[in-house]
Structures are given as C-alpha cells and as structure tokens.
1. Any residue at all in segment 171-182 that is over 15 Å from G131 (Cβ atoms), open to solvent by 20 Å² or more (accessible area, probe 1.4 Å), in contact with a Leu (Cβ under 9 Å, 6 or more places away or on another chain) and touching a residue at least 12 places away in the same chain (Cβ under 8 Å)?
2. Are any residues in segment 17-35 at pLDDT 95 or above and surrounded by fewer than 18 Cβ atoms within 10 Å (Cβ to Cβ), and if so, which ones?
3. With the structure loaded, tell me whether H85 is modelled with pLDDT under 95, closer than 30 Å to G186 by Cβ, open to solvent by less than 60 Å² (accessible area, probe 1.4 Å) and in contact with a His (Cβ under 8 Å, 6 or more places away or on another chain) or whether it fails that test.
4. Tell me, which residue of segment 195-217 that is aliphatic (A, V, I, L, M) and open to solvent by less than 70 Å² (accessible area, probe 1.4 Å) is farthest from C14 (Cα to Cα)?
5. Can you tell me how many residues within segment 1-54 are polar (S, T, N, Q), touching a Ser or Thr at 6+ places or on another chain (Cβ under 8 Å) and in a loop (DSSP other than H, G, I, E, B)?
6. Say whether the condition of being within 16 Å of E117 (Cα to Cα) and within 17 Å of the chain's Cα centre (by Cα) is met by at least one residue in segment 188-209.
7. Any residue in segment 222-232 that is of a type in the set (D, E, K, R) and out of contact with any Gly (no Cβ under 9 Å at 6 or more places or on another chain)?
8. Tell me whether segment 114-126 contains one or more residues that are over 19 Å from the mean Cα position of the chain (by Cα) and aliphatic (A, V, I, L, M).
Amino acid sequence: MSSSIEASKFDICCAARTLYRAGLSAGVAGHVSIAIGENKMLMNRFGPSFGTLRPADICTFDFNGKVLEHDPSVDPYVNDTIALHAVIHRLNPQIVALVHTHPPATVSWGTFRRMPEIYDQESCILAGDVGIVEEEYTGTAASEDRVRPFADAIAKHAAVILPNHGALTSGPNIQVALMRMMLLEGMCARNISVAMAAQATGLKPIPIKMEHALTAKKEIASMPAIPAVWKDTLERLQKSDPDLFAYRPRTSAAAD
C-alpha cells in the first residue's frame, strides 16, 4: 500500500504540472484528488501552484476535509474549497480520480450556459460525457450546499462545466481524468474559434452529428491511447520539469 500511495502522489503531481504547462491552471487555484479508501483521498494542499507541486504537497484527507496525514515538512493548510472534492467523493464512491481547475476557454464558453458543439475528432472522445451545472455562480465552492449540484452533475457526466468558475473531470484513474480535462478545454476552445470564424466569414459551421461522434468515440476507445498519451506526457515533463522526477517512485503508473 505504501508504494501505491507514493506512486499516486507522484501521478497527481504529474497531472497537475501537465495542466500548468498547458495553461489550464490559474494561480494557486485547483485541486487533483484520488480516492484511496472508503473515507480517504489524496489531494494537494493549498499553497503551491500546479506548476510547482511535489509529492510532499499531497496530503491524505477524509471525505469531510480533515487532514489525516501529511508530510512533516509542509503546512497542511487547505482552504474551505476542500469541500468540493470531499463532498464529491463522499457522494460518489464510484469516482476514483477527480480534477478541478479553471481552464480559460472552458471558463469563457461556460458564461454562455450552452453545451459546446462537437466540431473535431478529438472532441468526439467526450461525446455524451459533457454536462453543465445549471446553477448561478454564488461564490467559491466552500460549502456542501454549493457543491452538491456539482456532485450531482459529475455523477452523470465525466466532464462538467461550472459556469463562471471552471471545470470538473473524473475518471477511473488520474490519467483519464487529466485527458478529459485537456479534451474539454480543447472542445471549448474549438467552439470559440469556430464562432469567431463564422462571424468573420458569414459562413454557417456544421458540427459533427452525435451519432457519428459516438461512432468515432467507440473506434478511438478501441486503441490503447491512454498509455501512449501518458507515456508521452511523462517524457515531455521529464524535459520541462526534471526536478519533479527526483521524486519518482520505482513502482507507479507513471513508470509504465
């Protein structure tokens, strides 16, 4: 179990730094979590940005947001937005990995309160998996009453747009949750660029029909894409963030 925990901490850091390198984080906001038991999750503490996260910055929490274990070298302080992940994991035990951040294109598109269209092959991977929380922004995700609509939405959709706020993605592991966040941002960015092109040219954009998007999704799912994408992600990170790999455990999903 110990080696598995250390591997998961490292994977969280890899996911967070990947989001930072892709421009999908904002300041020190955002969390990445992995459920490791009936009432336990690993998650980054408040303070370090996604761009500097180290395994020592990953604490163990219960699903009420209480710190259970932390590296003695760090301050385990976490602000009230811990409720976002704690409540979601408590209400959705089927969710293993959860990513929350503020991707710029997704935040922009979310202000329209509209589902993004599917305009490209990559977006087909999220066909049928995107939802929008139909709640007004009333403040930070610092209480259970504010988070519950998010928890309900992520139970139904693997990728959720939080209007005027950011996004949530889930997965059976951190690799899938990370890929979904990257794909969601790409989908929203494509919708914005297509809207701008349509306005400039006067032409009407034609999205991919859902039935065809679902066909492409099934075909892409038959390929061993996730391991290949994760391996490539790690190789790029090793060049851009060599300091992180000093903490790489010998046995981890990241080592595959």
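1. Scanning segment 171-182, I find at least one residue that is over 15 Å from G131 (Cβ atoms), open to solvent by 20 Å² or more (accessible area, probe 1.4 Å), in contact with a Leu (Cβ under 9 Å, 6 or more places away or on another chain) and touching a residue at least 12 places away in the same chain (Cβ under 8 Å), so the answer is yes.
2. Once the filter is applied, which keeps residues that are at pLDDT 95 or above and surrounded by fewer than 18 Cβ atoms within 10 Å (Cβ to Cβ), segment 17-35 yields R21, A22, G23.
3. Details: modelled with pLDDT under 95: yes; closer than 30 Å to G186 by Cβ: yes; open to solvent by less than 60 Å² (accessible area, probe 1.4 Å): yes; in contact with a His (Cβ under 8 Å, 6 or more places away or on another chain): yes.
Judged against the criteria, H85 is a match.
4. Filtering first and then ranking leaves A198.
5. Total meeting the criteria: 2.
6. Yes: segment 188-209 contains one or more residues that are within 16 Å of E117 (Cα to Cα) and within 17 Å of the chain's Cα centre (by Cα).
7. There is at least one residue in segment 222-232 that is of a type in the set (D, E, K, R) and out of contact with any Gly (no Cβ under 9 Å at 6 or more places or on another chain).
8. Yes, some residue in segment 114-126 is over 19 Å from the mean Cα position of the chain (by Cα) and aliphatic (A, V, I, L, M).
The values are calculated or read from the model by the stated rules, or taken from the named source; none is laboratory data. Note that the structure is predicted; figures quoted are calculated from it, not measured. Cβ: placed from backbone, ideal geometry, glycine included. Neighbour counts: every protein chain shown. For accessibility, only protein heavy atoms count, side chains too; no ligands or nucleic acids. Shrake-Rupley method; radii C 1.70, N 1.55, O 1.52, S 1.80 Å.
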